[in-house]
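Data first, discussion second: the structure below is written as structure tokens.
The values are calculated or read from the model by the stated rules, or taken from the named source; none is laboratory data. These numbers were taken from a predicted model, which means no experiment stands behind them. Neighbour counts are summed over all protein chains in view; Cβ atoms, including those assigned to glycine, are modelled from backbone coordinates with ideal geometry. SASA here: full protein model, heavy atoms, side chains in, ligands and nucleic acids out. Shrake-Rupley method; radii C 1.70, N 1.55, O 1.52, S 1.80 Å.
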Amino acid sequence: MLMSYLSIVFILFLIITTLLYYLLPDRVRWCILLLASSVFYLCAGYDKFLIVIVTSVVIWTASHVISCQYNRMEQEIAEQGLSGKEKAAMLAKYKRKCRNFLLLPALCLVIGVLAYCKFATMLEEALWNLFSYPISLEVIVPLGISYYTFSSIGYLLDVYWRKTKHISNYFRFLLCVLYFPQIVQGPIARYNRLEKELFKEHTFDYKQVCFGMQLMLYGYAKKMILADRLALYTSQVFGNLRSYEGLVVLIAIFASVFQLYMDFSGCMDIVSGASQIFGIPLDRNFQHPFFSTSTAEFWRRWHITLGTWFKDYVYMPVAVSKWLIKLITKIRNKFGKEPAKVVNTVIPLLIVWLLTGIWHGTGADYVLWGLYYGGIIICATVFAGQYKRLAEILHVDMTTKSYRVFQMVRTFFVFAGGRLLTAPGSVSNTVMAVRQMFRSFNPWIFWDGTLYGMGLDYKDWCVVIIGLLIVRRVSILQECGSVREMIASRNIVLRWLVYYGAFFAILIFGMYGPGYNASDFIYGNF
């Protein structure tokens, strides 16, 4: 049975792990984390644990052999006194050998497992259409497969590119793969940074432990008070689209925006806080994206580690690839610099966003979602000069606060458009949602009680609105500095009023209890 971050079992598990971690000597603390991470993963199933072990062995073995090959090459260069072209030729020879016999087979295996897990449902449907017979593939989907696969691919490529050193101890590498605060929903780890944090000396720091607990508390409030409450409304509307129209559907789209925001950022707060208790900071994965003034900036603030992963391991390799350089050269010679520049921008971004869409989901709705964001960012990049000249012609002052507010509102609506493509569940449902949205204009739902009969009553909506306003205020303060430091600087009475207020808010307003099943974290399904 999966150990959810929202369960009492997880809290008890975290307390026991923390006690063992700080009571035992520093040299064995990483072993405690490895044991705890293994237990956490085993709760999801022994078969899933076996798959991640096999994947980690393949990646570690490939990186180990590649590292040994490079060491042998350096030894040969030193012994033979090679330099210049001879040294470059030997490097190319070893890289080609490592790529063909180690890198590509390992990458094909781990990407193949990920693709099989993601596309199995589509394969089952294709087999049904082909043979008219129900065929169940009984796919085992390992916990956090998208996250540990991407992290492992990045690690192997970094070793191959000689950007990072091979982790010589397999069990230390396995801890980087399985580390339980980040395995379910990220962030997507860079093992060279995570390894330094996991294995350096840690001493008990009361302040950091308190800060970690406070961050977890804030994350639980976002998830249990806001995200799960909004989920009741969105699931009701999107599950019965034919029954609703007008503003009911429009509100559901906006509600799904805040639901996803609170769900994702809440999980990041929980896992970051849990890791901070051990003195191990995780890579930042969320930085108030609704303060963004453009779609590109939004995706630099939302799921930060996914964006940087695609930039480093997809965008840059494509941008400097030989085939693209040859294509751009031909276009430049035939049509000039501007068309070549456009192609150089469009192709890498288009590939990145198609893959980003497929990473989020394998349906046509997510492919359209990827093309939607890719198209917006490509247009903003290609026509940046034209937009600036248009603003000058229209005498629009792009430095004013009001224009910045306009940009943030525009970015919010762009994101809402993306949610319209995916939140209903399919392309056909998206079309139906748009049709239902424009069937009528029904503002009376706000005062005739209609809005309060779809999962949330009047009090629930008050909780949502007040909660969103509090989160917005906290986000503004976080842009200026650490809110936890601000609270810590206050007197003890005010500090504990804040802590107790947050704790009891979760107890009183949190969505749990008999008959209620806490919804999974949305990004945990990607």
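Hey, among the residues in region 60-113 that are hydroxyl-bearing (Ser, Thr, Tyr), surrounded by 12 or more Cβ atoms within 10 Å (Cβ to Cβ) and modelled with pLDDT under 90, which one's nearest to His166 (Cα to Cα)? So that I can check it myself, show each step before the final result.
To start, the set of residues in region 60-113 that are hydroxyl-bearing (Ser, Thr, Tyr) comprises 61, 63, 67, 70, 83, 94.
With surrounded by 12 or more Cβ atoms within 10 Å (Cβ to Cβ) added as a condition, the list becomes 61, 63, 67, 70, 94.
With modelled with pLDDT under 90 added as a condition, the list becomes 67, 70, 94.
Values: Ser67: 6, Tyr70: 11, Tyr94: 17 Å.
Selected residue: Ser67.
Among the residues making up region 369-409, those that are without any contact (Cβ under 8 Å) to a residue 60 or more places away in the chain, assigned to a helix (DSSP H, G or I) and either open to solvent by 80 Å² or more (accessible area, probe 1.4 Å) or in contact with a Cys (Cβ under 7 Å, 6 or more places away or on another chain) (or both) are Gln386, Tyr387, Lys388, Arg389, Leu390, Glu392, Ile393, Lys401, Ser402, Phe406. For Ser272, the criteria (1) among the hydroxyl-bearing types (Ser, Thr, Tyr); (2) closer than 28 Å to Phe406 by Cβ; (3) open to solvent by 20 Å² or more (accessible area, probe 1.4 Å) hold in every case but one, which is (2). Would you please name the residue that is most open to solvent (accessible area, probe 1.4 Å), looking only at residues in region 164-212 that are basic (Lys, Arg) and farther than 30 Å from Tyr261 by Cβ? Checking each candidate, the answer is Lys165.
Go through the residues of region 448-465 one by one and say whether even a single one is in contact with a Gly (Cβ under 8 Å, 6 or more places away or on another chain) and either in contact (Cβ under 8 Å) with a residue 40 or more places away in the chain or open to solvent by less than 50 Å² (accessible area, probe 1.4 Å) (or both). No, region 448-465 contains no residue that is in contact with a Gly (Cβ under 8 Å, 6 or more places away or on another chain) and either in contact (Cβ under 8 Å) with a residue 40 or more places away in the chain or open to solvent by less than 50 Å² (accessible area, probe 1.4 Å) (or both).
Find the residue count for region 420-435, including only residues that are open to solvent by 30 Å² or more (accessible area, probe 1.4 Å) and closer than 13 Å to Leu250 by Cβ.
Total satisfying the criteria: 3.
The C-beta contact set for region 172-191 (first residue closer than 12 Å to Met268 by Cβ and at pLDDT below 90, second residue of a type in the set (Phe, Trp, Tyr) and open to solvent by 10 Å² or more (accessible area, probe 1.4 Å), distance under 6 angstrom, 6+ apart or interchain) comprises Gln185/Phe521. Against the test of being polar (S, T, N, Q) and more than 30 Å from Met213 (Cα to Cα), the options Gln287, Gln276, Gln236, Gln259 yield a single qualifying residue, Gln236. Listed by first and then second residue, the pairs linking a residue in region 97-116 that is in contact (Cβ under 8 Å) with a residue 60 or more places away in the chain to a residue that is of a type in the set (S, T, N, Q) and crowded, with 20+ Cβ neighbours inside 10 Å, with Cβ atoms under 8 Å apart and 6 or more places separating them unless they lie on different chains, are Val113/Thr55; Val113/Thr149.
The residues listed here are Tyr147, Tyr116; of these, the one that is at pLDDT 80 or above, touching a Gly at 6+ places or on another chain (Cβ under 7 Å) and either assigned to a helix (DSSP H, G or I) or within 19 Å of Val54 (Cα to Cα) (or both) is Tyr147. Residues considered: Thr293, Thr329, Thr345. Of these, the only one that is more than 22 Å from Tyr147 (Cβ to Cβ) and outside any helix (DSSP H, G or I) is Thr293. Which one of Ile445, Ile465, Ile476, Ile487 is part of a helix (DSSP H, G or I) and either under 19 Å from Gly239 (Cβ atoms) or acidic (Asp, Glu) (or both)? Checking each option against the conditions leaves just Ile445. Considering region 473-502, and only residues there that are within 16 Å of Arg284 (Cβ to Cβ) and of a type in the set (S, T, N, Q), the residue that is surrounded by the most Cβ atoms within 10 Å (Cβ to Cβ) turns out to be Ser475.
Tally time: how many residues in region 3-18 are aromatic (Phe, Trp, Tyr) and crowded, with 19+ Cβ neighbours inside 10 Å?
Residues of region 3-18 that are aromatic (Phe, Trp, Tyr), as a first pass: 5, 10, 13.
After this cut, where a residue has to be crowded, with 19+ Cβ neighbours inside 10 Å as well, the list is 5.
Within region 3-18, residues that are aromatic (Phe, Trp, Tyr) and crowded, with 19+ Cβ neighbours inside 10 Å number 1.
Taking each residue of region 328-339 that is touching a residue at least 12 places away in the same chain (Cβ under 8 Å) and looking for partners that are in a helix (DSSP H, G or I) with beta-carbon atoms closer than 7 Å, six or more apart or interchain, yields Ile328/Ala340; Ile328/Val343; Ile328/Asn344; Ile331/Pro339; Ile331/Ala340; Ile331/Val343.
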